[in-house]
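Computed from the coordinates by the stated procedures, all read-outs in this text should not be read as laboratory data. Here the structure is a predicted model, which is why all the values come from computation and not from measurement. Cβ: placed from backbone, ideal geometry, glycine included. Neighbour counts: every protein chain shown.
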Amino acid sequence: MPASTDPKSFGPVPAANQPGHHPESEQDKPTGFPPGPPAEGSFEFEFHPLFRGPALAVGVMPRTARVELTADDLSVRFGPWHLRVPRSEITGATRSGPYRPWKVIGPPHLSFVDGGITFATNPREGVCIQLRNPVPGIEPTGRLRHRGVTVTVADVDGLIEALD
């Protein structure tokens, strides 16, 4: 025998389900993002046409330049240069630029002002990542260490948001 579809056959509606009644807390409404691992992602460098030739001359091209962000660390690959930083060492990230082309074109550049390293593929803008402790990066022996890393990725806002 088929079930009845007549609402009266189910009995009276409980008071808690009457129209206009609201429980003390809405169980089906989200209260914010659940705690979880830090944001992760892969960020490509933005190549300016004038930078392509000098970058290629030192082995830097779109397929060999990338910033990778995992729950544990930040890795920068810039042609033959590699830099890895534990996320726990990152103290901040800010938008930077524009840059003078002769100060950033070609291989990574060392800042004589703050000792930072710049991986640049455009003169327009990038992300300056501040570090708690200096890390090696510009030369293979690791003697020169950097308190900051600047990268000129295509998604500047996305990288800053992922790091914050």
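Each residue of segment 105-118 is assigned a 3J(HN,Hα), and the resulting list reads 6, x, x, x, 10, 9, 7, 7, 7, 10, x, x, 10, 10 Hz, derived from the Karplus form 6.51 cos²θ - 1.76 cosθ + 1.60 (θ = phi - 60°), x at Gly and Pro. Between N133 and R95, the simple label model (points 7 Å from Cα in the Cβ direction) yields a spacing of 3.3 nm.
Extension gain for V113 to E68 (0.36 nm times residue separation, less C-alpha to C-alpha distance): 13.5 nm.
Put simply, the amide H of D72, placed in the peptide plane, has no neighbours under 5 Å, leaving out anything fewer than 5 places away on its chain.
Close amide-amide hydrogen proximity is noted between V153 and E46, V127, each under 5 Å apart and 5 or more residues distant or on a separate chain (H modeled in the peptide plane; Pro and chain starts excluded).
What is the magnitude of the charge dipole of segment 30-147 about its Cα centre, with +1 placed on the Cβ of each Lys and Arg, -1 on the Cβ of each Asp and Glu, and no other charges, expressed in debye to the nearest 20?
Computed about the Cα centre, the dipole is about 320 debye.
Under 11 Å from the Cβ of P86, count the other residues' Cβ atoms, weight Lys and Arg +1, Asp and Glu -1, and hand me the total. Walk me through the numbers on the way to the answer.
Working: positive: R84, R87, R132; negative: D72, D73, E89.
Taking every Cβ under 11 Å from that of P86, the sum is 0.
Give me the compactness ratio for segment 41-105, meaning the Cα radius of gyration over 2.2 N^0.38 Å.
1.22
For segment 83-93, 3J(HN,Hα) computed residue by residue from phi via the Karplus equation (6.51, -1.76, 1.60; θ = phi - 60°) reads 9, 10, 9, x, 4, 5, 8, 7, 9, x, 8 Hz, glycine and proline entered as x.
Less than 5 angstrom separates the built amide H of A93 from those of Q130, all sequence-distant by 5 or more or on a different chain.
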